[in-house]
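Everything on this sheet refers to the single structure shown next.
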Amino acid sequence: MKICGVELTGNDAVVCLLSLEDQQFTLPECRVRKLTLPKDHSRDDLQKFQATFAKLMVDYQIDKVVIRERMSKGKFAGGAVGFKLEAAIQLIADTAVSTYSPQAIKQALVDHPLPIPFSETGLKSFQEAAFTVAYAAHMLKS
């Protein structure tokens, strides 16, 4: 199963692809590490972002998209643009999308520690949260 982990930060959707086949994890190559919504984020920009994200999922034959949930209130609350990006991703037709809370991700990592340190994955440091949510989704099998 191929999962695309997503972390939404500001105007960016940081992505990480993670595949699990026969109890073996692989990190498929991906042509992008993040998709950015322009600052003015008009309706056309949102539609273009959604179409680009959908094309990426089709091109890489992604089975499921998992998004790291952001808080709606408090010190670590997500911004309005992040919620627009999340809605745009969730509304992509024929794409299974789930959100995982930071608590669920943390518990999955406690129950199933990473087999190797993140630094040895070859991913960029800004992709760590996207990788972690994809790994947690595989471990939670949902």
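Could you please let me know if residue 68 is closer than 20 Å to residue 18 by Cβ, buried (at least 18 other Cβ atoms within 10 Å of the Cβ) and touching a residue at least 12 places away in the same chain (Cβ under 8 Å)?
Numbers: closer than 20 Å to residue 18 by Cβ: yes; buried (at least 18 other Cβ atoms within 10 Å of the Cβ): yes; touching a residue at least 12 places away in the same chain (Cβ under 8 Å): yes.
Answer is yes for this residue.
Of everything in the range 32-48, what is within 14 Å of residue 15 (Cα to Cα), part of a loop (DSSP other than H, G, I, E, B) and of a type in the set (D, E, K, R)? Give them in sequence order.
Hit for the range 32-48 is 33, nothing else.
Mind listing whichever residues of the range 20-41 are surrounded by 11 or more Cβ atoms within 10 Å (Cβ to Cβ) and more than 17 Å from residue 2 (Cβ to Cβ)?
If the condition is that a residue be surrounded by 11 or more Cβ atoms within 10 Å (Cβ to Cβ) and more than 17 Å from residue 2 (Cβ to Cβ), then 34, 35, 36, 37, 38, 41 are the ones that fit.
Take the residues in the range 104-141 that are more than 14 Å from residue 5 (Cβ to Cβ) and polar (S, T, N, Q); name whichever of them is surrounded by the fewest Cβ atoms within 10 Å (Cβ to Cβ). Explain how you work it out, then say what you get.
Pass one, the range 104-141, residues more than 14 Å from residue 5 (Cβ to Cβ): 106-107, 110-113, 115-117, 119-120, 122, 125, 141.
Now restrict to residues that are polar (S, T, N, Q): 107, 119, 125.
Values: 107: 14, 119: 9, 125: 7.
It comes out as 125.
For the range 81-120, how many residues are among the hydroxyl-bearing types (Ser, Thr, Tyr) and out of contact with any Asp or Glu (no Cβ under 9 Å at 6 or more places or on another chain)? Spell out the reasoning first.
As a first pass, look at the range 81-120 and keep what is among the hydroxyl-bearing types (Ser, Thr, Tyr): 95, 98-101, 119.
Imposing the further condition that a residue be out of contact with any Asp or Glu (no Cβ under 9 Å at 6 or more places or on another chain) reduces the set to 95, 98, 119.
Of the residues in the range 81-120, 3 are among the hydroxyl-bearing types (Ser, Thr, Tyr) and out of contact with any Asp or Glu (no Cβ under 9 Å at 6 or more places or on another chain).
Every number here is computed from the coordinates shown, using simple stated rules; none is lab data. The shown structure was predicted, so the numbers you read here are calculated from the model rather than taken from an experiment. Positions of Cβ are generated from backbone atoms using ideal geometry, with glycine treated the same way; all protein chains shown enter the neighbour counts.
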